[in-house]
Amino acid sequence: MDFRLMEPIFSYLKKRGLVGLCDEVSLAGGIKSLADDLNGPTAQTLLKQIELSKALHHIDTVMLMNHTDCGAYGGRTAFASRAEEHEKHLRDMRTVRDLIAVRFPGLAVELTLADR
């Protein structure tokens, strides 16, 4: 959802041969929302999108992408160090990966942290 990441995400997907071949869902703070409150409205919207992609397009992989200096996390200044910021993002992504594994058995989950 962050305009600063549109071009790098496109390049990333292009390198992997996925442009035009994957569903893209982008919600500000989406991973944080899932990690913090599985039953919240943003989390439910994201889970519904995964469910639809699986049912309609038979996806086998979910790619979770988070980025540093994210406003949903309070930006870079909300952390005492870059290492702390990275660890929080990675911890949330691992939590969401585990939630997806339970809710959608058989889906592979890849984690990517873009460092802004």
Inset, instruction - Decide, for the range 1-61, between rounded, prolate and oblate: order the square roots of the alpha carbon gyration tensor eigenvalues as a ≥ b ≥ c, take rounded if a/c falls under 1.5, and otherwise choose prolate if a/b is larger than b/c, else oblate. - result: oblate
Inset, instruction - Would you mind telling me the share, in percent, of accessible area of the chain contributed by carbon and sulfur at probe 1.4 angstrom? - result: 56 percent
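Taking a probe of 1.4 Å, how large is the accessible area per residue of the chain, in Å²?
Accessible area per residue: 61 Å².
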Inset, instruction - Enter the angle in degrees (range 0 to 90, nearest 10) between the Cα long axis of helix 82-103 and the first principal axis of the Cα atoms of the chain, meaning the one along which they spread out most. - result: 20 degrees
Inset, instruction - Mind giving me the nanometre distance, one decimal, between the label points for Leu21 and Leu99, set 7 Å out from Cα along Cα→Cβ? - result: 2.9 nm
Inset, instruction - Select from Ala101, Cys70, Thr112 the residue farthest towards the positive end of the dipole of the chain; place +1 on Cβ of Lys and Arg, -1 on Cβ of Asp and Glu, and compute about the Cα centre. - result: Thr112
Inset, instruction - Report the FRET efficiency, 1/(1 + (r/R0)^6), for Asp115 and Asp60, where r is their Cβ-Cβ distance and R0 is 30 Å, rounded to 0.05. - result: 0.65
Inset, instruction - Could you list which residues have their amide H under 5 Å from that of Val109, counting only those 5 or more apart in sequence or on another chain, with H placed in the peptide plane? - result: Val62
Legend entry - Helical contribution to [θ] at 222 nm, DSSP H n ≥ 4, -39,500 (n - 2.57), averaged over the chain, rounded to 500: -15500 deg cm²/dmol
Legend entry - Anisotropy class of the chain from Cα gyration tensor, a/c 1.5 cut: oblate
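Can you classify the range 48-116 as rounded, prolate or oblate using the Cα gyration tensor, where a ≥ b ≥ c are the square roots of its eigenvalues, rounded means a/c under 1.5, and otherwise it's prolate if a/b beats b/c and oblate if not?
Numbers: a/c = 2.97, a/b = 2.45, b/c = 1.21.
Prolate shape, in that a/c is at least 1.5 and a/b is the bigger ratio.
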Legend entry - Relative contact order of the chain, defined on C-alpha pairs under 8 angstrom at six or more residues apart (%): 27 percent
Inset, instruction - List, in order, the whole-Hz ³J(HN,Hα) value for each residue of the range 15-28 obtained from phi through the Karplus relation with A = 6.51, B = -1.76, C = 1.60 and θ = phi - 60°; use x for Gly and Pro. - result: 4, 8, x, 10, 4, x, 10, 9, 7, 10, 10, 9, 9, 4
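The values are calculated or read from the model by the stated rules, or taken from the named source; none is laboratory data. The model shown is predicted, which means the values in this text are computed figures rather than measured ones. With ideal geometry, Cβ positions are generated from the backbone for all residues, glycine too; neighbour counts draw on all protein chains shown. The area values use the complete protein model at the heavy-atom level, side chains included, leaving out ligands, DNA and RNA. Shrake-Rupley method; radii C 1.70, N 1.55, O 1.52, S 1.80 Å.
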